[in-house]
1. On the given criteria, is Arg109 touching a residue at least 60 places away in the same chain (Cβ under 8 Å) and out of contact with any Asp or Glu (no Cβ under 6 Å at 6 or more places or on another chain)?
2. Among residues belonging to the stretch 61-85 that are without any contact (Cβ under 8 Å) to a residue 24 or more places away in the chain and not acidic (Asp, Glu), point out the one that is nearest to Ala12 (Cα to Cα).
3. Select the strands (runs of 3 or more DSSP E) contained entirely in the stretch 35-138, then report the ones holding at least 2 residues which are aromatic (Phe, Trp, Tyr).
4. Considering only residues that are of a type outside the set (Phe, Trp, Tyr) and either in a helix (DSSP H, G or I) or within 12 Å of Ala120 (Cα to Cα) (or both), which ones fall in the stretch 6-20?
5. Quick test of your reading of the structure: Asp105 fulfils all but one of (1) of a type in the set (D, E, K, R); (2) under 23 Å from Gly131 (Cβ atoms); (3) modelled with pLDDT under 90. Name the failing condition by number.
6. Looking only at the stretch 25-63, count every residue that is modelled with pLDDT under 90 and charged (D, E, K, R) and tell me the total.
Amino acid sequence: MSLHAKQFFTSALPHQLDGLVIGEVFYAPAPEPDLGIWLRIDFYETIRQHTYGGLRLTAIHPDKGQIDAVALSFADHCTFRARDLHNGTRPGTSGYATIRDFPHDEEHRPWAGGDFTALADAVHRYARIWGIPIPEHGGRTGPRAAPVAAPSRIRAATARAR
């Protein structure tokens, strides 16, 4: 797992949700019977293999299955703006606002250099819409990000099986 999902969802992404990571997917709260709707967060793959353009959030009902899904792109939330400016990567070019899942050494995280504040705020808003418990502890550090545009809707039929 070169995406280092556990470190990403528990450390890098300041979303303030309690949950657990299974493989490369974060579940909030931990899926248990009779808890109501829970949230699944994973990376969504772009048209290029092993290249991810953002996070897919899925609201899941324990009896009905998936009831909603949205995609939050790194580009829309300016997550890698500073990194891409530093590297000279421009919008519309390969690698812009994406991370790649290729073998890395243990020290390198493909999402290093990202500012996840606006993305985490969007995750937080989506969780609140579906009544996902947001803990009061673990306050956010630094100033809050400005509001961002609503996440784009994705169709369940476009999700790719892994």
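The values are calculated or read from the model by the stated rules, or taken from the named source; none is laboratory data. Just so we're clear, the structure is a prediction, and the values are computed from it rather than from any experiment. Ideal geometry is used to build each Cβ from the backbone, glycine not excepted, and the neighbour counts take in all protein chains shown.
1. In short, yes.
2. The extreme case among them is Ala75.
3. Per the criteria, 38-45.
4. Lys6, Gln7, Thr10, Ser11, Ala12, Leu13, Pro14, His15, Gln16, Leu17
5. Asp105 satisfies all of (1) of a type in the set (D, E, K, R); (2) under 23 Å from Gly131 (Cβ atoms); (3) modelled with pLDDT under 90 except (2).
6. Summing the residues that are modelled with pLDDT under 90 and charged (D, E, K, R) in the stretch 25-63 gives 4.
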